[in-house]
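Engineer: Input: one structure, supplied below.
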2 protein chains.
Amino acid sequence: MRYLAIVAALVAWTAAPAAAQTPPRSMAEILEQSPASDWRTVPPENTLYMELPAGRVIIELAPEYAPNHAANIRALIAARWFDGAAIVRSQDNYVVQWGRDEGDPAPLGEAQRTLAGEYDRARRGVAVTRLRDPDSYAREVGFANGFPVAGQNGRTWLAHCYGMVGAGRGDAPDSGNGGELYVVIGQAPRHLDRNVTVVGRVLQGMELLSVMPRGTGPLGFYETPQERTPIRSLRLASEVPERARVPLEALRTDSATFRELIDSRRTRREAWFLQPTGRINVCNVPLPIRVRG
Amino acid sequence: MRYLAIVAALVAWTAAPAAAQTPPRSMAEILEQSPASDWRTVPPENTLYMELPAGRVIIELAPEYAPNHAANIRALIAARWFDGAAIVRSQDNYVVQWGRDEGDPAPLGEAQRTLAGEYDRARRGVAVTRLRDPDSYAREVGFANGFPVAGQNGRTWLAHCYGMVGAGRGDAPDSGNGGELYVVIGQAPRHLDRNVTVVGRVLQGMELLSVMPRGTGPLGFYETPQERTPIRSLRLASEVPERARVPLEALRTDSATFRELIDSRRTRREAWFLQPTGRINVCNVPLPIRVRG
């Protein structure tokens, strides 16, 4: 089958003729041979398990960038706000969104009804692994604490890449609270950067969200309740029994392994490639996750 | 419902306080008020109708960039190569791909079995509406003949944006022929630019392809025949009876309307936006399509 030949060609990470003593390693080799210290345990108190009929979606919160939203989402989870909520929107090449109707509210518990936006933060104190490649939207792009970031003028913010999760809001800057969340399912809508509070990213189960049938209402909202996918529950990993947790580790984005990975993706040395490119966009760099073995 | 407030906020294209005499127009207004001459009829001989169980996908070929592939795809269609083929691959944040097994071949008719790649072409003779914004991958980006393009050093090529369609190949540069096609369903994989022949883009029905359940085999290939979605038929619009055609028009990318649209998307003036951004990526510019009324 020709397409299996293509599979084989793409799966094979054939090193290019070596110019240096050490031939460049494939991404798989880079990850397999990485020291344990280049991986971090995803903190259970920052890990969300969203249970859908098709399976579990795992999300990591980014409290370094959105501390108040992270705290409020934890409070909403404690109040079971999301249990019985639903996927309400699926807009092609944009976002899938979930939340509750005002007509079907849930107790807020200790959570705030509205929060000031956390659109960016001071660059000072954040260790950014910078990308040298130009970006269409910001003067600086890179990675901090496992997330793609952008910045300029002494500020830094989370970048709206594929799989990033944000908190919906109305026109007022302080009209969101983390009780409605969306995930990017298409080309990075970077024009949303600094316009919405980004709260984290999907680590696992993205393929359950990205295939949600697109809604036919304005902005991809579903027009009937029957089209919605219910959320069975949303929990913090830290409140789930140890045996029910997925022990995820994320590659540290300040590690030598990650820097080598960026280079291996910037300059593609697999036999299939005719043009190694030599440049990369911040939203095209993989952020590896593994289950602790 | 809060999310309906968000809908309303996003749907409303409220003009910002006018600095100039003429307030900026919304994208909807720009398109509604555009002269008929700023639209082009999509040529039926470059229009593919791919009939899936869920509906029709419409693709426009780009013979200015891939003339031999366009001709070969027309020959494959004449031979009914794609009728009874299937969606064989769905890789999250990457591509959905369709074609035939070698174990289930179809006659090639007048089509070539392999073709030299058409990875780029001379910049000379191509009218490019340039974007002034920086790009991570190329020195020049913009639009030509309705397609997103990139270029440098006197060459120009189609850019791998969301919805662009390419021709799969094996390791050898001349191992493809247009008989296996893929469409981009995630963050633009621009590292594929100049590595694969891009043959066109999806104009309508993208939401039928992007939600294909992700395959669990390597590279998102389906592991069993049962997971595949059959292609009932693939036809040129020009061979379909007039009454069965969809009379699509595309906004000319060399028009004043399109240049105003780029500006309206680069600087977001809707009331919802706090940061108008003022920059845009080539893959974030909409390429409007309408049905001739």
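Engineer: Could you tell me which numbered condition A:ASN68 fails, if it satisfies all but one of (1) touching a residue at least 60 places away in the same chain (Cβ under 8 Å); (2) open to solvent by 20 Å² or more (accessible area, probe 1.4 Å); (3) in contact with a strand residue (DSSP E or B) (Cβ under 6 Å, 6 or more places away or on another chain)?
Structural biologist: (1)
Engineer: If you check every pair at least six apart or on different chains, which have Cβ atoms under 6 Å apart with a residue in segment A:261-290 that is within 25 Å of A:GLN204 (Cβ to Cβ) first and a residue that is hydroxyl-bearing (Ser, Thr, Tyr) and open to solvent by less than 40 Å² (accessible area, probe 1.4 Å) second?
Structural biologist: Matching pairs, first to second residue: A:ASN281/B:SER136.
Engineer: Moving on to the next point. Kindly indicate whether B:SER90 is modelled with pLDDT under 95 and either touching a Lys or Arg at 6+ places or on another chain (Cβ under 7 Å) or open to solvent by less than 60 Å² (accessible area, probe 1.4 Å) (or both).
Structural biologist: no
Engineer: Just give me the residues in segment A:231-264 being touching a helix residue (DSSP H, G or I) at 6+ places or on another chain (Cβ under 7 Å) and either within 30 Å of B:ASP174 (Cβ to Cβ) or at pLDDT below 95 (or both), in sequence order.
Structural biologist: Result: A:SER264, single match.
Engineer: Residue pairs, Cβ under 6 Å, 6 or more apart or interchain, first in segment B:99-111 and over 16 Å from B:LEU234 (Cβ atoms), second among the aliphatic types (A, V, I, L, M) and open to solvent by 30 Å² or more (accessible area, probe 1.4 Å). List them.
Structural biologist: Correct list of pairs: B:ASP101/A:MET1; B:GLU102/A:MET1.
Engineer: Report the residue count in segment A:161-178 for those that are over 16 Å from A:CYS283 (Cβ atoms) and part of a loop (DSSP other than H, G, I, E, B).
Structural biologist: The number of residues fulfilling the criteria is 10.
Engineer: Of everything in segment B:188-233, what is in a loop (DSSP other than H, G, I, E, B), within 18 Å of B:ALA86 (Cβ to Cβ) and either open to solvent by 30 Å² or more (accessible area, probe 1.4 Å) or among the aliphatic types (A, V, I, L, M) (or both)? Give them in sequence order.
Structural biologist: Filtering segment B:188-233 down to residues in a loop (DSSP other than H, G, I, E, B) leaves B:188-189, B:193-196, B:205, B:210-217, B:222-224, B:228, B:231-232.
Those left that are additionally within 18 Å of B:ALA86 (Cβ to Cβ): B:205, B:210-217, B:222-224, B:228, B:231-232.
B:VAL211, B:MET212, B:PRO213, B:ARG214, B:THR216, B:GLU223, B:THR224, B:ARG228, B:ILE231, B:ARG232 - these are the residues of segment B:188-233 that are in a loop (DSSP other than H, G, I, E, B), within 18 Å of B:ALA86 (Cβ to Cβ) and either open to solvent by 30 Å² or more (accessible area, probe 1.4 Å) or among the aliphatic types (A, V, I, L, M) (or both).
Engineer: Filtering segment B:122-160 down to residues that are among the β-branched types (Val, Ile, Thr) and in a loop (DSSP other than H, G, I, E, B), which residue is nearest to the chain's Cα centre (by Cα)?
Structural biologist: From segment B:122-160, those among the β-branched types (Val, Ile, Thr) are B:126, B:128-129, B:141, B:149, B:156; that's our starting set.
Pick out the ones that are also in a loop (DSSP other than H, G, I, E, B) and you get B:126, B:128.
On the way: B:VAL126: 19, B:VAL128: 17 Å.
Here the answer is B:VAL128.
Engineer: Can you name the residue in segment A:241-293 that is in a loop (DSSP other than H, G, I, E, B) and among the basic types (Lys, Arg) and, of all such residues, is surrounded by the most Cβ atoms within 10 Å (Cβ to Cβ)?
Structural biologist: Taking segment A:241-293 as the starting set, the residues that turn out to be in a loop (DSSP other than H, G, I, E, B) are A:241, A:245-247, A:252-255, A:268-276, A:278-281, A:285-288, A:292-293.
In the following step, the residues that additionally are among the basic types (Lys, Arg) were identified as A:245, A:252, A:268-269, A:279, A:292.
Values: A:ARG245: 14, A:ARG252: 18, A:ARG268: 20, A:ARG269: 18, A:ARG279: 18, A:ARG292: 11.
This residue is A:ARG268.
The values are calculated or read from the model by the stated rules, or taken from the named source; none is laboratory data. These figures come from a predicted structure and were not determined experimentally. All Cβ positions, even for glycine, are placed from backbone atoms using ideal geometry, and neighbour counts span all protein chains on display. What goes into the accessible areas is simple: the full protein's heavy atoms, side chains included, and nothing from ligands, DNA or RNA. Shrake-Rupley method; radii C 1.70, N 1.55, O 1.52, S 1.80 Å.
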